[in-house]
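Please read the structure below before turning to the comments.
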2 protein chains.
Amino acid sequence: MNQNLLWIEQLKFNNNGLIPAIAQDFQDGSILMMAWMNRESIHRTLETTEAHYWSRSRGELWHKGATSGHIQKVKELLYDCDRDTILLKIEQVGDIACHTGVRSCFFNSVPMNSLVLH
Amino acid sequence: MNQNLLWIEQLKFNNNGLIPAIAQDFQDGSILMMAWMNRESIHRTLETTEAHYWSRSRGELWHKGATSGHIQKVKELLYDCDRDTILLKIEQVGDIACHTGVRSCFFNSVPMNSLVLH
C-alpha cells in the first residue's frame, strides 16, 4: 500500500463504512454542511482536490456540485484525535453549499435564552 | 408537549438514538470537536446551557468538562436543513476541548498538495 494512504485505513468507519465529514469555509470558518464519506470518496477527494461524499439517500458516490456547479475545492483535510470524524477546509464555489440554495445548511437556530423548559 | 421542544422530535436520530453534534468556538469559528447527542443530552444542554453529549464509549450521559473543568458554555444551538446534525456555538472554558489536552480535536492534517496517489 502507498504509505501516504495508511492514515485512511486507520480511520474508524461506522458499520456502513462511513465517516462523518464537516465542510468548513477555509477563509471565514463558517460551517457549511456535514455529510458522509467512505473510502472511495476520500480517495476521489484526494485525487481531484474536490469534495466527494457518499450519498446515503441515493446510495452512490456524490461529487458535490457535479450538477449544480457548486463544487468544493478542498484546501486542507484533517481528522480528529480518535479518527472518527473528518474536517474539510474548503473553498465553496458559488458560495452555496446547501441544496436549499443558501450558503450553509445550518440556518435553523434555537436561541438558548428563549426557551421555556418547564 | 412543550411547543418549544417540538423541533427536537423532528430531528433525525440514528438507529442508536444519536445525532452528531459539532462544537465550534463562537468567537473565532474554530471547530473544536465532534461528538454525539441523544434526546436527554439535548434537554440537559438546554436546561443548563452547558454542552452535554452521549458518550458512546462509556454508554452514559456526558457533561463535557464535569471532571476536567473544561465545560462548554453554549451560546447558540443550530441544526441543519435535513435535521440530522447539530451545531453548538460555544465558549470553551480553559480553551481546551480535546481529551489530549489541546484546543481542538482536529490536529491531524493531511496536506492536499503533498499526496502521491499513484
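The values are calculated or read from the model by the stated rules, or taken from the named source; none is laboratory data. What you see is a predicted model; the values in this text were computed from it and never measured. Cβ coordinates were reconstructed from backbone atoms using ideal geometry, including for glycine residues, and neighbour counts include every protein chain displayed. Just so you know, the surface numbers come from the protein's heavy atoms only, side chains and all, with ligands and any DNA or RNA stripped out. Shrake-Rupley method; radii C 1.70, N 1.55, O 1.52, S 1.80 Å.
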Of the numbered conditions (1) free of Cβ contacts under 8 Å to residues at least 60 places away in the same chain; (2) part of a loop (DSSP other than H, G, I, E, B); (3) more than 10 Å from chain A (Cβ to nearest Cβ), B:E40 satisfies every one except a single condition; which is it?
(2)
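Can you say whether A:R58 is open to solvent by 70 Å² or more (accessible area, probe 1.4 Å), over 22 Å from B:L32 (Cα atoms), more than 7 Å from every other protein chain (Cβ to nearest Cβ) and without any contact (Cβ under 8 Å) to a residue 24 or more places away in the chain, as far as the supplied structure shows?
Answer is yes for this residue.
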Residues satisfying the stated conditions in the stretch B:17-35, i.e. without any contact (Cβ under 8 Å) to a residue 60 or more places away in the chain and facing chain A (nearest Cβ under 10 Å)
B:D28, B:G29, B:A35
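For the stretch A:10-24, enumerate the residues that are among the small types (G, A, S) and within 19 Å of B:I31 (Cβ to Cβ).
Of the stretch A:10-24, the ones among the small types (G, A, S) are A:17, A:21, A:23.
Result: A:A21, A:A23.
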